[in-house]
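Before we start, here is the structure in question, set down as structure tokens.
Only the coordinates and a few stated rules stand behind these numbers; no lab work does. The structure presented is a predicted model; accordingly, all values stated were derived computationally and were not measured. Positions of Cβ are backbone-derived with ideal geometry, glycine not excepted, and every protein chain shown enters the neighbour counts.
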Amino acid sequence: MRWWQRLWRRKQMEEQLDKEMRFHLEQHIADLVARGHDPVEARRLARLALGGPEQVKEECRDARGTRWLEDFWQDFRYSLRTLRQRPGFAAVALLTLALGTGATTVMFTVINGVMLKPLAYPQPERLLRLQEKTDFSTHWGDLWAFTYPNFLDCKRESRSLIVAGFSSARGTISEPGDAEHVEGWEITSDLFTVLGVNLSRGRAFLPEEDRPGAPPVAIISYGLWQRRFGASPDALGKSLVFEGKPYTVVGVTPAGLWLDDGLPDVFIPLGQDTSAWLQNREAHGVGAWARLRPGATLAQAQAELAVVGRQLAEQYPKSNKGRTFIADRLRPDVSDVQSSLWLLLGAVGVVLLIACANLASLLLARAVSRERELAMRVALGAGRGRLARQCLTESAVLGLAGGALGVALAAVGVRPFVAFWPGSLPRAEEIQLDWRVLVFALAVSLLCGFLFGLAPALRVSKRELEQTLRAGSRTVVGGSRRLHGAFVMAEVALAVVLLVSAGMLGRTLLRLSSLDTGVNVRNILIGRVGLSADTLENPERTRAVWRDLLDRGRRVPGVESIAMVDTVPMREGDNQIGYWTTPAEPPQDKQPMVLANSVSPDYFKVMGIRLRKGRFLNDQDRLGNESVAVVDEVMAREAFGGEEPLGKYVWIGLGTDPLRVVGVVGHVRQWGLAGDDDRTRVRAQLYYPFEQVPDKLVRRWSELMSLAVRTSVEPLSAVEPLRRVLRGAANDQVLYQASTMEHLARATLARQRFLMLLFGLFAGLALLLSSIGIYGVLEYLTRQRVPEIGVRMALGATAGEVIRLVLRQSLRMILIGVGMGAAGAFAAGRLLQRLVEGMRPAEPLTFAVMISVFLAAALAASFVPARRASRVDPTSALREE
Amino acid sequence: MAAQKSDLPQGTLDLLILKVVALGPVHGYAIAQRLQQVSRDVVQVPQGSLYPALHRLENRGQLAADWQETETGREAKFYRLTRKGRAQLETEAASWLRLTEAVGLILGMSEGGSE
């Protein structure tokens, strides 16, 4: 019989054991009778020879070696029985646990999907990201995107890698259908081979298409195929006009493909691009991914790249000195959500610990009240280890049942949570319950079961048996009181940490929301504009088109004023450049940095930026007239110290230097409400007229331009009229990524708001759980003290004195807990300060308020048992003795 | 009671059981009888520890058991040696013989006779 069969065939096994013993006895008796013994005497002798049959059987059961399993089974069924006997307790315990493990599992599911799961490509561990690395650092660090010539050299020289490259190329699709601005990538022909991705339709680019002059071909995303080609199989071979140039569609990507931080809609061959920057060994803008060839190792690849780096550094010292190439595992870039996720997991973990402490004290109270039963069992021969094991089995059963419920909760709750996440959560489609999540949930529930079962179990093994039995109905609570106190303190401390953290986040949010952005955010519409590709060929024409656009936009009903700007405050993207204030250009790494915005004159009016000194830009500031700039207060201070900034000159290296400062305006929070106080960031701002941007830069600048529109109506309602006005003769100019300034400003606090909401929720839960815990423990301890209280009252204590007695006991535990919690909250505050933008060191007021809230709740929870104690009837209490 | 009976040295009961069972399938009572007869009442085999030992050996896979009819037509649990049990018996028996031989040699030394 196999060990697992024994569990199910216990009964059969017992019968066989009994039969074997009986056979032995009867055989022996028969022999003895045959030798002439009296039957009764024979029976006596036989039994004597064998020993007590029950003892022999017990030893046989032990000899099977699977005793623990059978015991476990027994304990398991026993604990199910006891849980059924107390449905109230079971329900509370399961609910608490389900909430705790459920919330923890949701957080882990998200972390697993976003951060832990490997990329969804075949053999993701053999995929690498290649980068350039310099032995010096600029403002942007020491890692660089490739230059195309460097990329080509690495691709050619590497034996152990297949290298693919890509470069961003967003643009406008004007045919088929309405003009639409899309994300595009220029890629080498082997990008999909490197990733191991098969196209859902058609083919990838051929190597010979990855060259200048080859026929223009394009691969489109599954989404674009559905959207613009109606998912028609005839899409292959059709024409697609992208940035004014016709391409033949040759392939469609699979659905749900994820690249870097999203999915571009259009892919075109990088090798066909003849732009000048691609020939320049100093223009960085090509990303590189690679796959290790079969048998090759990462170390080999790295060594090869280092060799190529050295060779190129010798060959092209001007561009490549101190520059090498590195390779490391390709991982999803999720750095901006990482800290939020860990913070939330931590907060949820604290709630779970409080739940465990609650259950531990409940179970402990139960163990104490079952003390005599357990002592009796020991007296009857149960081993202490065995009893401890029984206790742990009980709590493990509770833990696992709670965990199973928690997983069910998580399965339901994870989607709403992801939807609730501010902005889009990277890799959201990877977030699913998988085996990793289940293992995690199992481990958490077992750990919880162990944590809250440990105290009662340890108690079983320590207890003084004899004393317990002799104590009779009077229970000895001394030891458990200390343990109960410890649980209360732990709960209190944990709850205080969460409450104060939530308080700090709330306080931060209040402070940040009340900050002045420097812009009048009401009624401003923001949107990017893609000009027609042939317009951009000619700088003079481009300027004229922009002027015309602004004029026509101004006439749209509901538009008060309209302006163009390249970097919009509080939106993603910024333009940091070095500047200097004397004619000699200092070396690059010595130049102070400024956020340079090229704008049209009305920009200040649209945004409501305040003029401090001098004048705003005006229509006279155009090419041919003197180059001018307007600076903000921060730049005025940083660049000119206490001197008068008006009339001073600034150099920014765009080819129109120097710029004379004609005005000083108020500072605008470019980095958002939370981020702009970060002193490590560039805060100085400078505005120069778009009309004075030199010819060679007009095209690039135009590609980056946005419109800012002040409206007298709801801003988004102006989008459609503006879109119609902008469309242009060839139907190839679009307004895209429309948003409002109010929305952008709010979005900069989205993370803080989200964290505060969840921390608030968890803190509320912690407050509730710990109040229940305090109530439960106090109720129990007071019940144990009923005889003592009876004596006190018989001796003349008043109800008020009894209430004070109980409250004093609870207050001592609570205060110690609050003390520990405050220390923990201080540490948590430091952590939050490091991970959440805009957090200030915790203020005493926050501590005071949150701790008072907690004390009020805790005292309320203690008051109920205290009042009950004060109503003890002395006579009946004493009679109970 | 002619001779004084001695207790069985630790661990030898298993060896003796294996040896008895090696002679052919046999039930518990018969094993007890056989042990008593063969050892001529010199060795006290406590019947109480016989069955736990049998179950232990069965659990270790050295013995296998099934229910068969005895000559008297009753059902009894018969034990037989498995291949693993036979191997165990051989090694145990060999080491037992080596041990007793050594002990015998030592006990046979003449006192003070090493000079």
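Given Cα positions, please report Rg to Rh for the stretch B:10-106, the hydrodynamic radius being the Kirkwood one.
Ratio of gyration radius to Kirkwood radius for the stretch B:10-106: 1.00.
Also, I was wondering about something else. Could you pull out every residue, at least 5 positions away or on a different chain, whose amide H is within less than 5 Å of the one on A:LYS238? Hs are placed 1.01 Å off N in the peptide plane, and Pro or chain starts have none.
Here A:VAL249 satisfy the definition.
Could you give the size of the charge dipole of chain A about its Cα centre, using +1 on the Cβ of each K and R and -1 on the Cβ of each D and E, expressed in debye and rounded to the nearest 20?
Approximately 3660 debye in magnitude.
Sequence neighbours fewer than 8 away in the same chain don't count; with that in mind, list the aspartates and glutamates whose C-alpha is under 15 Å from A:LYS245.
Those aspartates and glutamates meeting the cut-off are A:GLU175, A:GLU180, A:GLU186, A:ASP273, A:ASP534, A:GLU537, A:ASP732.
Tell me which aspartates and glutamates have Cα within less than 16 Å of B:LYS77's Cα, excluding those fewer than 8 residues away on the same chain?
Partners found: A:GLU14, A:GLU15, A:ASP18, A:GLU20, A:GLU26, B:GLU58, B:ASP66, B:GLU69.
Is there a pair in A:LYS19/A:LYS57; A:LYS19/B:LYS19; A:LYS321/A:LYS696; A:LYS57/B:LYS19; A:LYS648/A:LYS696 whose C-alpha atoms are over 20 Å apart, and which pairs would that be?
From the list (A:LYS19/A:LYS57; A:LYS19/B:LYS19; A:LYS321/A:LYS696; A:LYS57/B:LYS19; A:LYS648/A:LYS696), the Cα-Cα distance tops 20 Å for A:LYS19/B:LYS19; A:LYS321/A:LYS696; A:LYS57/B:LYS19; A:LYS648/A:LYS696.
Follow-up. Across the stretch B:74-80, in residue order, what do the Karplus-derived ³J(HN,Hα) couplings come to in whole Hz, using 6.51 cos²θ - 1.76 cosθ + 1.60 with θ = phi - 60° and x for Gly and Pro?
Once rounded to whole Hz, the list reads 9, 8, 9, 8, 9, 9, 9.
Taking chain A as the reference, fit the longest principal axis to its C-alpha atoms, fit the long axis of helix A:478-513 to the helix C-alpha atoms, and give the angle between the two in degrees, 0 to 90, nearest 10.
10 degrees
Rounded to the nearest 10 degrees, what's the angle between the helix A:844-870 long axis and the longest principal axis of chain A, both from Cα atoms, 0 to 90?
The two axes meet at around 20 degrees.
What nm value, rounded to one decimal, do you get for the distance between A:ARG727 and A:ALA313 when each label is placed 7 Å out toward the C-beta?
Label at A:ARG727, label at A:ALA313, 5.7 nm between them.
Considering all projection directions equally, how large on average is the shadow of the alpha-carbon convex hull of the stretch A:535-585, in square nanometres?
6.5 nm²
Mind computing the radius of gyration and Dmax over the alpha-carbon atoms of the stretch A:124-335? Å is fine for both.
17.8, 54
Near the amide H of A:ARG201, under 5 Å away, which other amide H atoms are found, from residues 5 or more places off or on another chain, if H is placed in the peptide plane?
Residues meeting the amide H criterion: A:VAL252.
I would also like to ask the following. Any idea what diffusion coefficient the stretch A:3-65 gets from Stokes-Einstein, in µm²/s, Kirkwood Rh on alpha carbon pairs, 37 °C, 0.692 mPa s?
Estimated diffusion coefficient is 254 µm²/s.
Another one. Counting C-alpha atoms alone, how compact is the protein assembly as shown: give Rg to one decimal and Dmax as a whole number, in angstrom.
Taking only Cα atoms of the protein assembly as shown, I get Rg and Dmax of 42.2, 140 Å.
Give me D for the stretch A:1-156 in µm² s⁻¹, whole number, from Stokes-Einstein with Rh from the Kirkwood sum over alpha-carbon pairs, 20 °C and 1.002 mPa s.
Reported coefficient: 88 µm²/s.
So what's the gap between the Cα centers of the stretch A:797-844 and the stretch A:240-284, to the nearest angstrom?
Cα centres, the stretch A:797-844 to the stretch A:240-284: 58 Å.
From the residues A:PHE762, B:VAL38, A:PRO569, which one has its Cα farthest along the dipole of the protein assembly as shown in the positive direction, the dipole being from +1 and -1 charges on Cβ of Lys/Arg and Asp/Glu about the Cα centre?
Farthest along the dipole direction, towards plus: B:VAL38.
Once you order the gyration tensor axes a ≥ b ≥ c over the Cα atoms, which shape class does the stretch A:355-402 get: rounded for a/c under 1.5, otherwise prolate or oblate by comparing a/b with b/c?
It is oblate, given that a/c is not under 1.5 and a/b is not larger than b/c.
Then there's this: First select every other residue whose beta carbon is under 14 angstrom from the beta carbon of A:LEU845; then total the charges, Lys and Arg +1, Asp and Glu -1.
Computed value for this residue: +2.
Before anything else, pin down the relative contact order of chain A: Cα pairs under 8 Å, at least 6 apart, normalised by residue count, whole percent.
15 percent
Just to confirm a number: summing +1 for Lys and Arg and -1 for Asp and Glu over residues other than A:ASN731 whose beta-carbon lies under 15 angstrom from that of A:ASN731, what do you get?
Net of charged neighbours comes to -2.
Convert each backbone phi in the stretch B:100-107 into a coupling constant with the Karplus relation 6.51 cos²θ - 1.76 cosθ + 1.60 (shift: θ = phi - 60°), then list the ³J(HN,Hα) values in order as whole Hz, x for Gly and Pro.
Along the stretch B:100-107, the couplings run 5, 4, 4, 4, x, 4, 5, 5 Hz.
Can you tell me which lysines have their Cα less than 19 Å from the Cα of A:LYS155? Leave out same-chain residues fewer than eight positions away.
A:LYS133
Quick query: amide H of A:VAL559 versus all other amide H atoms, modeled in the peptide plane; which residues come in under 5 Å with a sequence gap of 5 or more or a different chain?
Counting only residues 5 or more places away or on other chains, the set is A:SER712.
From the square roots a ≥ b ≥ c of the eigenvalues of the alpha-carbon gyration tensor of the stretch A:532-732, which class results: rounded (a/c under 1.5), prolate (a/b over b/c), or oblate?
Prolate.
How long are the semi-axes of the equivalent ellipsoid of the stretch A:524-626, taking √(5λ) for every eigenvalue λ of the Cα gyration tensor, in whole Å from largest down?
They are 27, 19, 16 Å, listed largest first.
Using the alpha-carbon atoms, what tilt in degrees (0 to 90, nearest 10) does helix A:539-554 show relative to the longest principal axis of chain A?
Approximately 70 degrees, to the nearest ten.
Oh, and also: Counting Lys and Arg as +1 and Asp and Glu as -1, what is the net charge of the other residues whose Cβ lies under 11 Å from the Cβ of A:ARG552?
Computed value for this residue: +3.
Quick one: check the C-alpha center-to-center distance for the stretch A:107-159 versus the stretch A:30-46, whole angstrom.
90 Å
Using only alpha-carbon positions, what ratio does the radius of gyration of the stretch A:740-811 give when scaled by 2.2 N^0.38 Å?
2.07
Step through the residues of the stretch A:329-338 one at a time and calculate ³J(HN,Hα) from phi using the Karplus curve (6.51 cos²θ - 1.76 cosθ + 1.60, θ = phi - 60°), rounding each to whole Hz and writing x for Gly and Pro.
3, 6, 10, x, 8, 10, 4, 7, 9, 3
Tell me the mean residue ellipticity at 222 nm calculated for the protein assembly as shown from its helices only (DSSP H runs of n ≥ 4, each -39500 (n - 2.57), averaged over every residue, nearest 500).
-17500 deg cm²/dmol
Okay, next question. Tell me whether the stretch A:240-326 comes out rounded, prolate or oblate; compute the Cα gyration tensor, take square roots of the eigenvalues as a ≥ b ≥ c, and use a/c under 1.5 as the rounded threshold.
Oblate shape, in that a/c is at least 1.5 and b/c is the bigger or equal ratio.
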